[in-house]
Amino acid sequence: MNLSDCSAVALGRLIRAGELSAAEAARWALDRIARHQKENNAFLTVTQELAMEQALAFDAAKDKPSHPLAGVPAAVKDNICTKGIRTCAASRILGDFVPPYDAHVMERFRESGGVLLGKLNMDEFAMGSTSETSCAGPVRNPWNLEHVPGGSSGGAAAAVAAGECFYALGSDTGGSIRQPAAWCGVTGIKPTYGAVSRYGLIAYASSLDQIGPIARTAEDCAAVLDLIVGRDARDATSVNAEGNFLRNLTDDIRGLRIGVPAECFGDGLDDTVRERVLAVAGVLRDRGAAVEACALPELKYGVPAYYILACAEASANLARYDGVRYGRRPEGVRSLDELYCASRSEGFGPEAQRRILLGTFVLSAGFYDDYYQRALRARTVIRKAYARLFRRYDLLLTPVAPTTAPGLGESLSDPLKMYLGDLYTVPVNLAGLPAVSVPCGFDNGGLPIGAQLVGPKHGEQTLLNAAHAYQRDTDFHTRRPKEAAL
Amino acid sequence: MNWETVIGLETHVELSTATKLFCSCSTTFGAAPNTQCCPVCTGMPGALPVLNRRALEFGIKAAFALNCTVQSTVRFDRKNYFYPDLPKAYQISQLYHPIGVDGQLNIGEKTIRIHEMHLEEDAGKLIHDPASKRTGIDFNRCGVPLIEIVTEPDFRTGDEVVAYLEALKITLQYLGVSDCKMQEGSLRCDVNLSVRLKGSKTLGTRTEMKNLSSFRAVLKAVAFESRRQIEVLESGGRIVQETRRWDEAQEKSISMRGKENANDYRYFPEPDLVPVTLAPEYVAVLRADLPELPAARKARLMRAHGLSGYDAGMLTGQRALADFYEQTVALGASPKAAANWIMGEVLRALKERDLEAEELPLTPMALARLLDLVASGRINRTTAVAVFDAIFDTGEDPEEYVHIHGLEQVSDLELLTETVERVLTENPKSVSDYRAGKQKAFGFLVGQTMRALGGKANPQQVNALLRERLG
């Protein structure tokens with residue numbers, strides 16, 4: 001059976017109907033992984049035996065979980081703790097760390113009958129926009145192996161694009177689900193902050209991180225979101241969120257009011273990207289939505305505020321990595337200071353070190369007010385700006401990134417330029433809002449382009465409905481990278 | 001030169017909750033190393049803190065008891081520094097919004113102002129093994145809830161410091177929020193001390209002393225450091241602002257050069273914890289739930305029961321003891337008798353058995369009935385003490401005990417008179433000795449009479465009868 005064009009939900013149906021076993025689906029996926037892993041390096045760890053074990057156990061079980069995705073093989077980003085399975089967030093400093101516990105989302109995954117194919121490659125500690133800072137080598141874009149897949153959930157997006165798994169769990173702090181989804185031609189959604197428990201997510205920036213799905217369709221994303229949302233007593237920032245997105249999914253978006261912020265279509269945006277994203281407005285209009293221009297002048301505060309706040313929180317979140325209790329411990333050190341310095345200098349890559357130093361700086365005495373406090377104020381301004389817009393509109397339409405995926409090795413030498421590429425995605429995290437990225441076209445080189453829809457707090461249903469409606473009338477999400485390596 | 005010592009105190013108190021401040025690990029003291037910890041309190045990747053509601057309640061109650069203004073929103077901050085006993089490399093504490101501010105504690109002739117009091121998590125314990133030259137880290141203590149209480153520099157003597165610590169200890173014990181045992185580390189105290197010329201309005205450079213493990217050590221440390229600083233200044237030197245470790249064995253403070261100035265803690269609001277707004281009703285309930293505090297209770301007992309300041313002070317020195325006393329009186333015992341017996345026999349019995357007042361096996365009912373037996377003349381005091389010792393542990397009813405063992409005092413006038421006559425007849429020499437002026441002989445005759453009656457006579461009656469007979 002050829003499952004290349006089978007969505008996760010469709011596969012779930014086949015398995016439930018008994019037309020396909022979980023073991024067959026897992027074998028299919030593992031075969032794909034075997035074929036593509038060398039070329040795209042999407043996986044950090046492939047859990048072949050475990051996946052087959054889980055699939056066979058699922059098939060043999062009398063009482064199967066009834067979740068729509070039961071038995072469907074998937075993979076998760078390597079910053080999500082998986083009990084008994086090496087989890088290192090693509091960092092040398094975690095070495096061969098094996099968590100003694102599962103993240104909350106992994107517990108849900110197991111309960112729903114998910115089959116785990118492995119842990120996906122990423123930027124180290126989720127810090128990056130290209131998935132080139134991994135200690136295990138960069139991820140390559142399945143659409144063009146000389147280009148990056150985006151980051152930091154590059155492995156997740158690439159694996160879904162290459163058909164190596166039927167959906168993936170990524171994480172998004174400043175665009176890390178949406179941007180790789182856009183650059184790999186797949187669909188991804190970052191939920192409202194607090195909708196999904198962060199317990200077991202290796203923290204980058206605590207007030208910005210969220211786990212979310214990357215999959216082929218909005219429908220798949222809805223099913224995965226149902227699986228993972230909801231209050232968890234172990235995460236004080238998690239909130240009650242209802243998980244009925246698949247059941248309530250509709251393509252009826254008549255009367256939906258969509259705002260298009262002018263500031264998101266100004267200078268610096270690639271012409272083809274602009275054209276393709278604006279074309280999304282046309283499709284949605286044809287389906288009955290009302291689309292009009294609006295203003296978001298506060299957009300310009302997004303990148304500076306984000307980098308100050310995210311790095312500040314990261315500098316504290318990454319301080320626990322010292323080689324003492326877990327992870328890689330350097331040899332031959334003779335004092336506590338030497339131990340700390342050696343662990344962290346050898347264990348962290350340059351981008352992680354850069355962000356830790358930046359974060360330490362903005363929190364330090366004499367600079368806290370000018371940087372951190374000011375960034376907090378900018379954050380409030382951004383939040384209020386979105387709140388103002390969402391009184392008039394149900395959704396906002398923007399690009400995901402100003403360009404399509406750059407070539408490997410082009411970005412890391414100019415970090416500032418790389419940071420500026422996050423301008424459409426980071427304000428969303430600062431405001432704690434949900435947003436989805438849908439494939440909306442390709443550039444002249446055949447690289448995918450994504451469009452972002454942003455919703456108000458807990459507006460995931462509206463987002464998914466709009467994305468679903470869009471995907472009814474377009475086929476960008478059905479295109480597959482050429483099987484070049486075959 | 002006339003010097004004045006100025007002292008401020010930072011006290012850390014472990015709250016006696018069952019579980020830690022941000023996770024559900026047990027806080028039981030004395031467990032084997034690293035058996036009471038989890039991903040949260042060992043700072044594993046992906047672990048998150050969740051606030052212990054009970055610890056918050058304890059903190060709020062303590063803030064009220066110390067007359068603080070209680071913050072209406074509870075917020076935490078990260079205090080960042082590297083040290084092996086701090087697994088996250090930050091301590092979750094409260095800098096910007098401590099739970100209580102502007103409080104005070106009365107220490108008799110003086111009131112000490114409390115600058116602020118806040119909640120924070122404890123660090124782990126480092127255990128140095130000189131033999132293997134290695135240091136182990138025990139995370140059992142890591143995450144235990146603490147309140148840190150910071151005073152203004154209002155102290156002028158070591159005695160004031162100790163008075164404050166004692167008042168603080170008994171207040172927090174009364175609240176039931178901590179057992180405040182300095183020897184077990186549930187009460188830790190850092191002394192900030194400086195000296196200045198009397199009359200000066202500015203503060204001198206201060207040092208901070210740590211590692212004080214008893215009130216006596218505090219007294220010695222204050223005296224030592226005050227003297228040391230004065231000597232330095234009088235010989236033309238300058239005081240270095242530093243942290244000093246109190247060495248109990250050598251009885252001196254030693255500079256901790258090396259545990260240096262990582263003074264920039266880069267505090268910022270803890271993003272993993274949501275600010276908690278305290279509803280006024282919730283706060284009101286906690287405030288109303290406060291037990292009567294020691295000073296107020298002492299005053300009331302003096303007023304209502306006519307106890308002396310000393311007696312009331314002794315009884316209210318421990319909440320369990322005060323409770324026991326009041327319950328005994330409520331059952332009909334006379335305040336004076338109950339006070340005497342509790343301060344005397346009860347405390348003695350506790351000490352002999354190495355028990356805390358909370359662990360008293362004797363019930364107020366039992367003591368009240370015993371005191372009633374004495375008051376009504378059915379047994380004498382000597383017998384009462386014997387009965388007390390017998391029933392202290394067992395919970396037997398004293399009346400029953402007396403009945404079973406036939407310990408009732410003989411009050412039968414006929415029998416008493418008969419016995420007195422017999423004793424006088426049998427001891428003619430003593431009689432004549434007494435008549436000749438030897439007072440001791442009287443006592444002997446009393447003793448003989450008591451013996452003849454098996455010790456169960458009312459001594460006052462025996463006395464009276466003998467005096468009558470002997471003229």
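Tell me which residues, restricted to the stretch B:273-293, are without any contact (Cβ under 8 Å) to a residue 60 or more places away in the chain and within 14 Å of chain A (Cβ to nearest Cβ). The answer is B:Val274, and nothing else.
Starting from residues that are surrounded by fewer than 17 Cβ atoms within 10 Å (Cβ to Cβ) and either touching a Lys or Arg at 6+ places or on another chain (Cβ under 6 Å) or part of a loop (DSSP other than H, G, I, E, B) (or both), keep the ones in the stretch A:365-394 and report whichever is modelled with the highest pLDDT. Checked the stretch A:365-394; the qualifying residue modelled with the highest pLDDT is A:Phe367. Quick one: what pairs do we get from the stretch A:363-385, first residue away from chain B (no Cβ under 12 Å), second acidic (Asp, Glu), C-beta under 6 Å, 6+ apart or different chains? Partner pairs satisfying both residue conditions: A:Val381/A:Glu298; A:Ile382/A:Glu298; A:Ala385/A:Glu298. Is at least one residue of the stretch B:31-43 within 29 Å of B:Thr171 (Cα to Cα), within 13 Å of chain A (Cβ to nearest Cβ) and either touching a His at 6+ places or on another chain (Cβ under 6 Å) or of a type in the set (Gly, Ala, Ser) (or both)? Scanning the stretch B:31-43, I find no residue that is within 29 Å of B:Thr171 (Cα to Cα), within 13 Å of chain A (Cβ to nearest Cβ) and either touching a His at 6+ places or on another chain (Cβ under 6 Å) or of a type in the set (Gly, Ala, Ser) (or both), so the answer is no.
Taking B:Thr27, is it more than 10 Å from every other protein chain (Cβ to nearest Cβ), buried (at least 20 other Cβ atoms within 10 Å of the Cβ) and hydroxyl-bearing (Ser, Thr, Tyr)? For B:Thr27, the condition - more than 10 Å from every other protein chain (Cβ to nearest Cβ), buried (at least 20 other Cβ atoms within 10 Å of the Cβ) and hydroxyl-bearing (Ser, Thr, Tyr) - is met.
The condition of being away from chain B (no Cβ under 14 Å), closer than 18 Å to A:Ser176 by Cβ and not aromatic (Phe, Trp, Tyr) does not hold for A:Asn79.
Hey, among B:Leu48, B:Leu86, B:Leu66, B:Leu105, which residue is of a type in the set (A, V, I, L, M, F, W, C), touching a residue at least 60 places away in the same chain (Cβ under 8 Å) and farther than 27 Å from B:Ala288 by Cα? Result: B:Leu48 is the single residue among B:Leu48, B:Leu86, B:Leu66, B:Leu105 that is of a type in the set (A, V, I, L, M, F, W, C), touching a residue at least 60 places away in the same chain (Cβ under 8 Å) and farther than 27 Å from B:Ala288 by Cα. I need a count of the residues in the stretch A:93-115 that are outside any loop (DSSP other than H, G, I, E, B), surrounded by fewer than 24 Cβ atoms within 10 Å (Cβ to Cβ) and more than 14 Å from every other protein chain (Cβ to nearest Cβ). Number of matching residues: 3. Looking at the stretch B:344-384, which of its residues are surrounded by fewer than 16 Cβ atoms within 10 Å (Cβ to Cβ) and in contact with a Gly (Cβ under 9 Å, 6 or more places away or on another chain)? Scanning the stretch B:344-384 gives B:Pro361, B:Thr382.
Residues of the stretch A:168-210 that are over 20 Å from A:Glu313 (Cα atoms) and either acidic (Asp, Glu) or within 14 Å of another protein chain (Cβ to nearest Cβ) (or both): A:Leu169 alone. The condition (being over 15 Å from the mean Cα position of the chain (by Cα) and under 30 Å from A:Glu242 (Cβ atoms)) is satisfied by just one residue among A:Glu164, A:Glu219, A:Glu146: A:Glu219. The requirement of being within 30 Å of A:Gly194 (Cα to Cα) and out of contact with any strand residue (DSSP E or B) (no Cβ under 7 Å at 6 or more places or on another chain) is not satisfied by B:Pro294. Within the stretch A:323-356, the set of residues being of a type in the set (A, V, I, L, M) and either touching a residue at least 12 places away in the same chain (Cβ under 8 Å) or within 10 Å of chain B (Cβ to nearest Cβ) (or both) comprises A:Val324, A:Leu336, A:Leu339, A:Ala342, A:Ala352, A:Ile356.
For (1) buried (at least 20 other Cβ atoms within 10 Å of the Cβ); (2) of a type in the set (Phe, Trp, Tyr); (3) touching a residue at least 24 places away in the same chain (Cβ under 8 Å), each residue gets a yes or a no:
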{"site": "A:Leu208", "(1), (2), (3)": "yes, no, yes"}
{"site": "A:Pro213", "(1), (2), (3)": "yes, no, yes"}
{"site": "A:Asn240", "(1), (2), (3)": "no, no, no"}
{"site": "A:Arg254", "(1), (2), (3)": "no, no, yes"}
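Hey, could you check the stretch B:128-150 for residues that are among the polar types (S, T, N, Q) and surrounded by fewer than 22 Cβ atoms within 10 Å (Cβ to Cβ) and say which is farthest from the other protein chains (Cβ to nearest Cβ)? Across the stretch B:128-150, the extreme among qualifying residues is B:Ser132.
Within the stretch A:142-200, the residues that satisfy the criterion of being among the hydroxyl-bearing types (Ser, Thr, Tyr) and closer than 16 Å to A:Asn40 by Cα are A:Ser152, A:Ser153.
A:Val277 - would you say it is of a type in the set (A, V, I, L, M, F, W, C), under 20 Å from A:Thr425 (Cβ atoms) and under 24 Å from the mean Cα position of the chain (by Cα)? Here the answer is yes, as A:Val277 does meet what is asked.
In the set (1) at pLDDT below 95; (2) under 29 Å from A:Arg377 (Cα atoms); (3) of a type outside the set (Phe, Trp, Tyr); (4) in contact with a helix residue (DSSP H, G or I) (Cβ under 6 Å, 6 or more places away or on another chain), A:Leu358 fails one condition alone, (1).
Applying the selection to the stretch B:178-207, what residues are surrounded by fewer than 17 Cβ atoms within 10 Å (Cβ to Cβ) and within 16 Å of B:Arg244 (Cα to Cα)? Quick ask: steps written out before the conclusion?
In the first step, residues of the stretch B:178-207 are kept if they are surrounded by fewer than 17 Cβ atoms within 10 Å (Cβ to Cβ); the result is B:181, B:183-185, B:197-203, B:205.
Across the stretch B:178-207, the qualifying residue is only B:Thr205.
Residue by residue, here is whether (1) within 14 Å of chain B (Cβ to nearest Cβ); (2) on the phi < 0 side of the Ramachandran plot; (3) in contact (Cβ under 8 Å) with a residue 60 or more places away in the chain; (4) in contact with a Gly (Cβ under 7 Å, 6 or more places away or on another chain) holds:
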site	(1), (2), (3), (4)
A:Ala223	no, yes, yes, no
A:Asn248	no, yes, yes, no
A:Asp270	no, yes, yes, no
A:Arg274	no, yes, yes, no
A:Pro304	no, yes, yes, no
A:Leu309	yes, yes, yes, no
A:Tyr321	yes, yes, yes, yes
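The values are calculated or read from the model by the stated rules, or taken from the named source; none is laboratory data. These numbers come from a predicted model, not from an experiment. In this analysis, Cβ positions are derived from the backbone assuming ideal geometry, glycine residues included, and neighbour counts consider all displayed protein chains.
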